[in-house]
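One structure below.
What follows is calculated from the coordinates using simple rules that are stated; it is not laboratory data. Here the structure is a predicted model, which is why all the values come from computation and not from measurement. All Cβ positions, glycine included, derive from the backbone under ideal geometry; neighbour counts span all protein chains shown.
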Amino acid sequence: MSAAGRSDARPADGRPVAKTIYVAPMACLQVRDRPDGEWSLWYAGIEGFDFKPGFLYELQIDECKVAQPPADGSSIRWVLKRVVSRTPASE
């Protein structure tokens, strides 16, 4: 390591090192906090909620802060209090 905290290591052949990033498909929920609100994406899921495709749900949830969230995770977790309604989604 250099004094600035950088690594001075180079690959054996002297060529630049390629950084590889893996991306995988992921399901998420579309949520809004009021009937006329804008939809937004929620990737973290809702503890205790078992989503079934083809339905719209109105839920009551508790929003809890995560004390020490992982660097790649949410600082908030949602926990289901109750399902208020479940109606078939229109096509």
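Some observations on this one:
- Within region 21-50, residues that are over 19 Å from Arg82 (Cβ atoms) sit with their Cβ atoms under 9 Å from residues that are part of a strand (DSSP E or B) and of a type in the set (Gly, Ala, Ser), at 6+ positions apart or across chains, in these pairs: Gln30/Ser40.
- Inspection of region 73-84 finds a residue satisfying the criterion of being in contact (Cβ under 8 Å) with a residue 12 or more places away in the chain and out of contact with any strand residue (DSSP E or B) (no Cβ under 7 Å at 6 or more places or on another chain).
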